[in-house]
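K.L.:
Submitted below is the structure of interest, expressed as structure tokens.
The values are calculated or read from the model by the stated rules, or taken from the named source; none is laboratory data. Given the structure is predicted, the values throughout are model-derived calculations rather than measurements. With ideal geometry, Cβ positions are generated from the backbone for all residues, glycine too; neighbour counts draw on all protein chains shown. Surface accessibility is based on the protein's heavy atoms, side chains included, excluding ligands, DNA and RNA. Shrake-Rupley method; radii C 1.70, N 1.55, O 1.52, S 1.80 Å.
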Amino acid sequence: MTWDPTCVTEELVVNMGPQHPSTHGVLRLILRLDGERVLEVRPDIGFLHSSLEKIAERLDYRQYLPYTDRYDYLCAMANELAYVRAVESLLGVEPTPRCQWIRVMMAEMNRIASHLVYYGALGMDTGATTVFLYCFRERERILQLFEDASGQRLLYHYFRIGGLRNDLPPGFCEGLRSFLDEFPRRVAEYDALLTRNRIFRSRTEGVGYLSPEAALSYGVTGPTLRGSGVSYDLRRAAPYYVYPELEFDVPTRPEGDVMARHLVRQEEMLQSVHLLHQCLDRLPPGEINVKVPRKLKPDPGEIYVRIESPRGELGVYLISDGSEKPYRLHWRAPSFHNLQAYPEMCQGAYVADLVAILGSLDIILGDVDR
Amino acid sequence: MSDVQIFADLAFYLVAALILVSALGVLFARRVLHAALALLPCLLGIAGLYAVLAAHFMFAVQILIYAGAITVLILFAVMMLQRILGGGILAGSHNPLVGLLAAGTMFLALVAALLMTDFAGQDPGSLGVGNAAQLGQALLTREVLAFEALSVVILAAIIGAIVIARTRAEGE
Amino acid sequence: MSEGQEQQIASVSSPEPLSAELQEIAGDLTTGGCVRAGRPELLTTPENLLPLLNRLHELPEPYSRLTDLCGVDWGDRVQVVYALCRGYGAEMVLVKVDLPRAQAEVPTVTGLWQLAFWPEREVAEMFGVTFVGHPNCEHLLLPEGFVGYPLLKDYEYDRSNPLLSPDPLREDPDAVLGGPPSEDETGAS
Amino acid sequence: MLSFIANWLRDLLTAWFQAWHVPLVFVDILAWIVGGVAILILVMVVALVFIYLERKISGYIQSRLGPERVGPWGIFQTAMDALKLLQKEDIVPAGADKILHTLGPIAFFVVGLLGYLVIPWEEGGTIARMVDAHVGVLYVLAFGSLSVIGILMGGWGSNNKWSLLGALRGAAQMISYEVPMLLAVVCVVLLAGSLSLSTIVDQQKTLGLLSWNLWRPWLWLPVILYLIAATAEVNRTPFDLPEAESELVAGYHTEYSGMKFAFFFLAEYGNFFLVGLIFSVLFLGGWSSPFGYPDPLRIPGVIWLLGKATVTVFFLMWVRWTLPRLRVDQLMSLCWKVLLPVGFLSLLIAGTAALYV
């Protein structure tokens, strides 16, 4: 046996995924490990690639709408919103006020539902299984409301070009209001169970640091960016629909770690509750649909629409050549860009941190791979 | 009392066979990890010998220290080393002559010790090997100097290990 | 609606001229430009791309944030579109580079923004654009060895030809991943 | 009750053996075998019951129902799952070390059983009475320390990097947490002045509930220490790093299926219950009734012991379904920087108490 001082410990190359309980879908991470320390992370994506952009070129504007649900399946309402808004802008159609309010309401409800999944999943990732079930209990109530309104629990197809599938069903507002009254107490419960738990704090504080400069360079958006101390929210920066009339805070945390992103999302759920209260109070009566032609043939032109989805800046770049089908549709997927910053956050992390950091990014692989 | 004698003899032979077989396993296992694992029944067998001799304290300590701690340590080291050295350690001997010499000397010394000890004149009870209280008394009164000296040696070894590990880590 | 809201309802298909500010700084580096639905668009060439982006970056209020990068196939040419934002604000400009189908080459912007790494790879595999200077332009979403550029308008899936060329990853993972010399030390065999 | 049955059996056997001129030492051997089989059955049953309880309790904690389809309230669910596991194909991964892969779960299971030998089920009701009389406590700890080997064998023999990581984590964790656990137990031993579990129980039986070790202030630190260290020893949340599902998939038993997996699983619950038993013996008065000695209710000691252990186990389940998991470095620093000094401190306190109280 010869002594070799240059040889410290052998590195271990491990595949995390594509089938792994904590990669939140079919993501493959190629890890180079030194014991429990992570030397390098290389995400390998594309396992869920479903050619959504190509499909758009083969279908007409209406037919494509259900596909938007499927691409980021946890915030289908936000995707529908972005797409519908892009098509309506191309057509020069403005939805009725009631429709705009309802769309905003649905988007905010979907934000809560999506954040709840994130919340529970982060708990799971750090080993706290119970909070996951609690979050799903509350999410269930939102899904129930969605089901009442659209007939679907996950992939709603509720927004239509020029309006909505139908008006809110009777009892919807009451159901939502009772949920909103109860929900802040539930958040306080999660806060006590998970966020203020010492083990959880030690697992998340100072872990997965992302500086604002790096966030800017990587194009990170959404709660992940706001967790790095940048107050950027498209609902504020480039407001759409009725957001200018609504009052809400854009929570930010300066720390840039997993805990900061976690707290931002927790606070965002409460802000959404606040927004929903205002929506319910001010929801105007009236028509929900405007007349659009049976055959949708926008003039040639293009539009780039951005909205704030639960995961960040969701962009739709839509080009029309005057025919019935989109000439080109491009999604700016927030998870795609957020995930790109992941190796940066994982510098010097432990294997266990990888999972927590990935959880704090709140990626959806359907969103990453499109 | 012949029944008990038969029982004790039977147990002794069983345990001795276990020790011998597993010791041979340590010698002839091709993978070093298997050799290390074969050490485990060997050490457990020795614990069994203590049990046959009704030295219960030694029995438990043998398992706790040798089987539970030292074997695991060896396994750990083997797993780590095997990864460090890349090719894995061959469980063969590189220097049979030196090994033979060392083993032979050890064997002779043991035989000499066996022949020189007067077993018949010893009362097992007076040695107090199986009794924790007597052992503790002895360690903290009569043998306290040796006990303390040993602890200093072990402390030095621990510090030495840390120093070596540290310089290695800095040398990357 | 309110002031800040993007005015996009009326004028998607009727472009307006560029603002004086953009005209001034970008005029000599662009081959065209307009404002469509309140959003400026600049058309440039591959040689002028980096200088133009740099100039946008050096404005007193810089267009410093690349938010999106995608490709468009216009039949005779491939266009790469860069979406730049004025910091974290509502203002946005689209920079477009036209590339001939035959020789689609454009300098990479990965030196300016980390964001560009993946989208450039995506455009490369989907449109066949070469990003000169990109450190690692392997396939991103498509499997290794995928034949063809699926987002081009004339891409046809040909049943008689296999979709994939032989996969080097499946043949010899360690050569691709630069992994450990041998795996069998992990577990006894 | 147990000793009554045992004595009756022994008398019967002695009579038979004398009639057949068989050496009487075989009565002892037979008694050991019967005891061993009894423990085997007990561990199996206990594991099944506690897996079911864990599911129900976690269901209750997580506001869901848990199993409820097989049998009333789903009580046969775990038994059915065990049956299902028995039928499953036994898969040995390619490139795995077949011998180690097979021996791992067996070693883990057998070692898990051995600890039960010295538990005083009731007054004088230990199977390995001779061992317990001298070194019962040490014996339990010694065999506890052996369970690492099974994990190492399984993790190494699976030829899976995640399993290997899990095994290394498990080994490091179990060796480390043995130290504070030993210190906690030594505190009790110091006060009892004996290494025998029966003696430790005997000292807590006189006034029932009031004479439990749990109420002695100088043993409060060891109580906490033991609970923490024992949770780590049996790899349960917040110390479930060796099998951390969200990180290592399932750690050392990732590659196991069928019977072998069942062995790991059963042994895990067997060990878990053993922790509860030892805690009850050390701090909750073991088999003695909480209402004084002799028991005014005339309930057999076994029942009391099992009940106390169940309560302990329930507490640990509650902890498991509430807390997140520690990280590897935090686990180690908790052990060496917090628990170890606290252990020494409590040793000091217990020693002082043993001298002056």
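K.L.:
Among C:Thr44, C:Thr31, which is crowded, with 19+ Cβ neighbours inside 10 Å, out of contact with any His (no Cβ under 7 Å at 6 or more places or on another chain) and of a type in the set (S, T, N, Q)?
P.N.:
Result: C:Thr44 is the single residue among C:Thr44, C:Thr31 that is crowded, with 19+ Cβ neighbours inside 10 Å, out of contact with any His (no Cβ under 7 Å at 6 or more places or on another chain) and of a type in the set (S, T, N, Q).
K.L.:
Let me ask something else. Tell me the residue from A:Gly127, A:Gly35, A:Gly46 that is farther than 24 Å from A:Arg294 by Cβ and in contact with a Lys or Arg (Cβ under 7 Å, 6 or more places away or on another chain), please. Show your work before the answer.
P.N.:
Numbers: A:Gly35 fails: in contact with a Lys or Arg (Cβ under 7 Å, 6 or more places away or on another chain); A:Gly46 fails: in contact with a Lys or Arg (Cβ under 7 Å, 6 or more places away or on another chain).
Unique residue meeting the criteria: A:Gly127.
K.L.:
For the range D:217-226, check the following and say yes or no: at least one residue is in a helix (DSSP H, G or I), out of contact with any helix residue (DSSP H, G or I) (no Cβ under 6 Å at 6 or more places or on another chain) and either of a type in the set (Phe, Trp, Tyr) or buried (at least 24 other Cβ atoms within 10 Å of the Cβ) (or both). Give the steps one after another, and end with the answer.
P.N.:
First, the residues of the range D:217-226 that are in a helix (DSSP H, G or I): D:217-226.
Within this subset, residues satisfying the condition of being out of contact with any helix residue (DSSP H, G or I) (no Cβ under 6 Å at 6 or more places or on another chain) are D:217, D:220, D:224.
Next, only the ones that are either of a type in the set (Phe, Trp, Tyr) or buried (at least 24 other Cβ atoms within 10 Å of the Cβ) (or both) stay: D:220.
Scanning the range D:217-226 turns up at least one residue that is in a helix (DSSP H, G or I), out of contact with any helix residue (DSSP H, G or I) (no Cβ under 6 Å at 6 or more places or on another chain) and either of a type in the set (Phe, Trp, Tyr) or buried (at least 24 other Cβ atoms within 10 Å of the Cβ) (or both).
K.L.:
Could you check, for the range A:288-298, whether at least one of its residues is open to solvent by 10 Å² or more (accessible area, probe 1.4 Å), under 24 Å from A:Phe172 (Cα atoms) and touching a Leu at 6+ places or on another chain (Cβ under 8 Å)?
P.N.:
Yes; the residues of the range A:288-298 include at least one that is open to solvent by 10 Å² or more (accessible area, probe 1.4 Å), under 24 Å from A:Phe172 (Cα atoms) and touching a Leu at 6+ places or on another chain (Cβ under 8 Å).
K.L.:
Looking at the range D:303-332, which of the residues that are closer than 27 Å to A:Gly206 by Cα and open to solvent by 40 Å² or more (accessible area, probe 1.4 Å) is farthest from the chain's Cα centre (by Cα)?
P.N.:
Ranking the candidates gives D:Asp329 first.
K.L.:
Could I ask something else about it? From the list B:Leu53, B:Leu24, pick out the single residue that is more than 25 Å from D:Leu168 (Cα to Cα), at pLDDT below 80 and more than 8 Å from chain D (Cβ to nearest Cβ).
P.N.:
None of the other options fit; the residue is B:Leu53.
Residues are listed down the side, and each one gets a yes or a no for (1) under 24 Å from D:Leu183 (Cα atoms); (2) of a type in the set (Gly, Ala, Ser); (3) not in a loop (DSSP other than H, G, I, E, B):
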position	(1), (2), (3)
D:Met259	no, no, yes
D:Asn271	yes, no, yes
D:Ile278	yes, no, yes
D:Ser288	no, yes, no
D:Trp304	no, no, yes
D:Val313	yes, no, yes
D:Leu340	yes, no, yes
D:Phe344	yes, no, yes
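K.L.:
Testing A:Ser272 on (1) buried (at least 21 other Cβ atoms within 10 Å of the Cβ); (2) more than 25 Å from A:Phe172 (Cα to Cα), one condition comes back false. Which one is that?
P.N.:
Single failed check for A:Ser272: (2).
K.L.:
Name the residue that is modelled with the lowest pLDDT, counting only residues in the range C:1-41 that are within 14 Å of another protein chain (Cβ to nearest Cβ) and in contact with a Cys (Cβ under 9 Å, 6 or more places away or on another chain).
P.N.:
Of everything passing the filter in the range C:1-41, C:Pro15 is modelled with the lowest pLDDT.
K.L.:
Scan the range A:232-243 and tell me whether some residue there is buried (at least 21 other Cβ atoms within 10 Å of the Cβ) and among the acidic types (Asp, Glu).
P.N.:
Within the range A:232-243 (the criterion being buried (at least 21 other Cβ atoms within 10 Å of the Cβ) and among the acidic types (Asp, Glu)), the answer is yes, since at least one residue qualifies.
K.L.:
Give just the number: which of (1) under 18 Å from the mean Cα position of the chain (by Cα); (2) outside any helix (DSSP H, G or I) does A:His262 not satisfy?
P.N.:
(2)
K.L.:
Could you tell me whether the range A:63-74 includes any residue that is closer than 30 Å to A:Phe200 by Cα, touching a Lys or Arg at 6+ places or on another chain (Cβ under 8 Å) and buried (at least 20 other Cβ atoms within 10 Å of the Cβ)?
P.N.:
Within the range A:63-74 (the criterion being closer than 30 Å to A:Phe200 by Cα, touching a Lys or Arg at 6+ places or on another chain (Cβ under 8 Å) and buried (at least 20 other Cβ atoms within 10 Å of the Cβ)), the answer is yes, since at least one residue qualifies.
K.L.:
For the range A:333-364: of the residues being small (Gly, Ala, Ser) and part of a loop (DSSP other than H, G, I, E, B), which is farthest from the other protein chains (Cβ to nearest Cβ)?
P.N.:
Here the residue is A:Gly348.
K.L.:
Counting only residues that are at pLDDT below 80, open to solvent by 90 Å² or more (accessible area, probe 1.4 Å) and among the charged types (D, E, K, R), how many does the range B:124-172 have?
P.N.:
The number of residues fulfilling the criteria is 3.
K.L.:
Can you tell me which of A:Ala82, A:Ala128, A:Ala86 is surrounded by 22 or more Cβ atoms within 10 Å (Cβ to Cβ) and not in a helix (DSSP H, G or I)?
P.N.:
From the options A:Ala82, A:Ala128, A:Ala86, the qualifying one is A:Ala128.
K.L.:
Can you tell me which residue in the range D:206-216 is nearest to D:Val328 (Cα to Cα), limited to those that are in contact with a helix residue (DSSP H, G or I) (Cβ under 7 Å, 6 or more places away or on another chain) and surrounded by fewer than 23 Cβ atoms within 10 Å (Cβ to Cβ)?
P.N.:
Going through the qualifying residues, I end up with D:Leu214.
K.L.:
When the residues of the range A:244-269 are narrowed to those that are within 14 Å of another protein chain (Cβ to nearest Cβ) and open to solvent by 20 Å² or more (accessible area, probe 1.4 Å), which ends up farthest from A:Gly312 (Cα to Cα)?
P.N.:
A:Glu245
K.L.:
Could you list all residues from the range D:279-301 that are out of contact with any Leu (no Cβ under 6 Å at 6 or more places or on another chain) and open to solvent by 20 Å² or more (accessible area, probe 1.4 Å)?
P.N.:
D:Phe291, D:Tyr293, D:Pro294, D:Asp295, D:Pro296, D:Leu297, D:Arg298, D:Ile299, D:Pro300
K.L.:
Scan the range C:81-133 residue by residue and report those that are hydrophobic (A, V, I, L, M, F, W, C), facing chain A (nearest Cβ under 9 Å), in contact with a strand residue (DSSP E or B) (Cβ under 9 Å, 6 or more places away or on another chain) and open to solvent by 40 Å² or more (accessible area, probe 1.4 Å).
P.N.:
Selection gives C:Leu112 alone.
K.L.:
Could you please let me know if D:Ser163 is open to solvent by less than 10 Å² (accessible area, probe 1.4 Å) and closer than 30 Å to D:Val92 by Cβ?
P.N.:
yes
K.L.:
With the requirement that a residue be of a type in the set (D, E, K, R) and surrounded by 15 or more Cβ atoms within 10 Å (Cβ to Cβ), what does the range A:165-190 give you? Give the derivation first.
P.N.:
As a first pass, look at the range A:165-190 and keep what is of a type in the set (D, E, K, R): A:165, A:167, A:174, A:177, A:181-182, A:185-186, A:189.
Of everything in the range A:165-190, those that are of a type in the set (D, E, K, R) and surrounded by 15 or more Cβ atoms within 10 Å (Cβ to Cβ) turn out to be A:Arg165, A:Asp167, A:Arg186.
K.L.:
Now a separate question. How many of the residues in the range D:49-78 are free of Cβ contacts under 8 Å to residues at least 60 places away in the same chain and under 16 Å from the mean Cα position of the chain (by Cα)? If you could, list the steps in order and put the result at the bottom.
P.N.:
Filtering the range D:49-78 down to residues free of Cβ contacts under 8 Å to residues at least 60 places away in the same chain leaves D:49, D:52, D:55-56, D:59-60, D:63-78.
Subsequent filtering for residues that are under 16 Å from the mean Cα position of the chain (by Cα) retains D:49.
The qualifying residues number 1.
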